[in-house]
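For reference, the structure is listed below as structure tokens.
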Amino acid sequence: MGLWDFVSSLKKKLGGKSAPAAEAAKQMADANARAAAFQQIAVDWNASIHTEIQRTGLGVQGLRIEAVGPAVKLFGTVATQADKEKLVQIVGNHEGVDTVDDSGVTVTGPSGRPSVFHTVVASDTLSLIAKRYYGIIQAYPTIASANQPLIADVDAIEPGWIVRVPAIEGISYTTKSGDTLGSIAKAMYGDPAKYTVIAGANASVIRDPNVVEPGWALTIPVLQALPAPKMA
């Protein structure tokens, strides 16, 4: 994609001892001292990033990491667009990293639709993030799944985390006894009046919007497309 902007003082603290050192280096007035400090920090980042990649099982071939100050450029080969985004996410979640340039990473498979990265704030929940990007409150498991193992508990996300929000068309829902299109729309969208969206997306199943039978497999479509990825 290009150059990702991850400037934040509240990131998940990956990178071990390099985290406070990177923030201190940014404040150095002497350019030579700053460059020397970041040379050592880059060594620490490199080791930590490789460790995190091994921990997550992400398949990256020929990974090379170049850092100039708080700017990191990546080189290597991955199989999918999602793997490329996960690599960017791992690097961007290292405290002290301001930008990540992934233009040197090659994807061997289909590129797919890009995700967006969201920086968690104190008031966020996964449901609110899902509502913001998809319009679907109950799409939060999709975001949790896309961010394993960072998100181990869907009820515990921390301010400053950079999470991937993958592009989707919608989610699936199996109707149960007592459901109405209005009740489903309220649970999914927070608005029972949006039952018409569900009815329209499932016209081959729903003949009468007043009749919902248990066991129907419905598609709950997103209400809006993802915004363009935020680049530096």
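The values are calculated or read from the model by the stated rules, or taken from the named source; none is laboratory data. On a predicted model such as this, the values are computed, not experimentally measured, just so you know. Virtual Cβ from ideal backbone geometry, glycine too; neighbours counted across all protein chains shown.
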Seminar exercise, completed: Within region 78-97, the residues that are in contact with a strand residue (DSSP E or B) (Cβ under 6 Å, 6 or more places away or on another chain) and assigned to a loop (DSSP other than H, G, I, E, B) are 93, 97
Problem set entry | Criterion (assigned to a loop (DSSP other than H, G, I, E, B), farther than 28 Å from residue 117 by Cβ and without any contact (Cβ under 8 Å) to a residue 24 or more places away in the chain) met by exactly one of 205, 212 | 205
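Among the residues in region 123-132, are any surrounded by fewer than 16 Cβ atoms within 10 Å (Cβ to Cβ) and in a loop (DSSP other than H, G, I, E, B)? Step through it out loud before you land on a result.
In the first step, residues of region 123-132 are kept if they are surrounded by fewer than 16 Cβ atoms within 10 Å (Cβ to Cβ); the result is 123, 125, 128, 132.
Those left that are additionally in a loop (DSSP other than H, G, I, E, B): 123, 125.
Yes - at least one qualifying residue is present in region 123-132.
Residue by residue, here is whether (1) surrounded by 14 or more Cβ atoms within 10 Å (Cβ to Cβ); (2) in contact with a strand residue (DSSP E or B) (Cβ under 8 Å, 6 or more places away or on another chain); (3) closer than 19 Å to residue 136 by Cβ; (4) not assigned by TED's automatic domain parsing to the domain that holds residue 89 holds:
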position	(1), (2), (3), (4)
176	no, no, yes, yes
181	yes, no, yes, yes
184	yes, yes, yes, yes
194	yes, no, yes, yes
200	no, no, yes, yes
205	yes, yes, yes, yes
208	no, no, no, yes
217	no, yes, yes, yes
227	no, yes, yes, yes
Exercise. What about residue 125, is it of a type outside the set (A, V, I, L, M, F, W, C), assigned by TED's automatic domain parsing to the domain that holds residue 189 and closer than 29 Å to residue 198 by Cα?
Worked result: no
